[in-house]
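Asker: Supplied in structure tokens, the structure appears directly below.
The values are calculated or read from the model by the stated rules, or taken from the named source; none is laboratory data. In this text the structure is predicted, and so the values were computed from the model without any measurement. Cβ coordinates were reconstructed from backbone atoms using ideal geometry, including for glycine residues, and neighbour counts include every protein chain displayed. Heads up: the accessible areas ignore ligands, DNA and RNA and are worked out on the full protein's heavy atoms, side chains in. Shrake-Rupley method; radii C 1.70, N 1.55, O 1.52, S 1.80 Å.
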Amino acid sequence: SNPSTAYASERFGLVWSDEFNSGTKPNSQDWIYELGFIRNQEPQWYQEKNVAIRDGMLVITGKPDKVRNPKFQPGSTDWKLNREFAPFSSGSIKTAGKRGWRYGRFEARCRIKAEDGLWPAFWLVGDEGQWPYKGEIDVMEYYQQKLHANACWKGSEKGSA
């Protein structure tokens, strides 16, 4: 047995897991859905119906779609408001406000499509402050035809605009 693995197992006991092996949707006591246009000026509309549990797996479906933006404001300079429709839909869930950890070891088994235009990811962000000050750890992220693992952060928020 690997001594570093044995040490990690003794030091970090399992505090939570989700095997996605019951029901048809993620447990609402642990997960919340991101809804609408969320980040990075991405063209997809995140919606609950693109997230399901099937055969012991969390299934998030991204697809060509035409979803009306209920917050559409013609002429707005805000990218979340100036699009009448989203040409794609997808799903995104997070544990923010429901589950959180300061330290730990995180594991996931993921089957992803590695195709241009897709950006599947399993990532962690801090609870305090605004991004990027609160930091981000990308455990797994696929984009620009590469599989990535990254960490990013920015210095103090003090004095920032």
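Asker: Return the Cα extents of the chain along principal axes one, two and three, sorted largest first, each rounded to a whole Å.
Answerer: 61, 49, 34
Asker: Could you work out what % of the accessible surface of region 9-145 is carbon and sulfur, using a 1.4 angstrom probe and leaving DNA, RNA and ligands out of the count?
Answerer: Of the solvent-accessible surface of region 9-145, carbon and sulfur hold 48 percent.
Asker: Quick one: putting +1 on the C-beta of Lys and Arg, -1 on the C-beta of Asp and Glu, what dipole do you get for region 53-146 around its Cα centre, in Debye to the nearest 20?
Answerer: The calculation lands at about 300 debye.
Asker: Mind listing the long-range amide H neighbours of Asn69? Cut-off is under 5 Å, sequence gap 5 or more, other chains count too, H placed in the peptide plane at 1.01 Å from N.
Answerer: Close amide H contacts, sequence-distant or interchain: Phe85, Ala86.
Asker: Based solely on its DSSP helices, what 222 nm [θ] is calculated for the chain when runs of n ≥ 4 H residues each add -39,500 (n - 2.57) and the sum is averaged over all residues, nearest 500 deg cm²/dmol? Please list the in-between numbers first.
Answerer: Working: 1 runs with 9 residues, N = 161.
Helix contribution divided over all residues of the chain: -1500 deg cm²/dmol.
Asker: Stretch Val139-Asp116 to full length: gain in nm at 0.36 nm per residue minus the Cα-Cα span? Can you show the working numbers first?
Answerer: Details: separation 23, 0.36 × 23 = 8.28 nm, distance 1.98 nm.
Gain in length upon complete extension: 6.3 nm.
Asker: While we're on this one: What is the distance, in nm, between label points placed 7 Å from the Cα along the Cα-to-Cβ direction at Lys25 and at His148?
Answerer: 3.2
Asker: About its Cα centre, what dipole magnitude does the chain give when the only charges are +1 on Lys and Arg Cβ and -1 on Asp and Glu Cβ, stated in debye to the nearest 20? Walk me through the intermediate numbers first.
Answerer: Values: 23 positive and 20 negative charges, 40 e Å.
Magnitude of the dipole: close to 200 debye.
Asker: By how many nm would the segment from Val15 to Lys71 grow when fully extended, if each residue of separation counts as 0.36 nm and the alpha-carbon distance is taken off?
Answerer: On the way: separation 56, 0.36 × 56 = 20.16 nm, distance 3.92 nm.
Going from the current span to full extension adds 16.2 nm.
Asker: Just name one of Gln144, Ile60, Ser17: the one whose Cα is farthest towards the positive end of the charge dipole of the chain (beta-carbon charges, Lys/Arg +1, Asp/Glu -1).
Answerer: Checking the options against the dipole of the chain, the answer is Ile60.
Asker: Which of Lys80/Lys113; Lys71/Lys98; Lys25/Lys63 have a Cα-Cα distance over 24 Å? Can you show the working numbers first?
Answerer: Numbers: Lys80/Lys113 26 Å; Lys71/Lys98 27 Å; Lys25/Lys63 19 Å.
Exceeds cut-off: Lys80/Lys113; Lys71/Lys98.
Asker: Right, here's the next one. Would you mind working out the accessible area per residue for the chain, using a 1.4 Å probe, and quoting it in Å²?
Answerer: Numbers: 12050 Å² over 161 residues.
Ligands and nucleic acids excluded, the result is 75 Å² per residue.
Asker: Let me ask something else about it. Can you run phi through the Karplus equation (6.51, -1.76, 1.60; θ = phi - 60°) for region 24-34 and list ³J(HN,Hα) in whole Hz, with x for Gly and Pro?
Answerer: 10, 9, x, 5, 5, 6, 10, 10, 10, 8, 8
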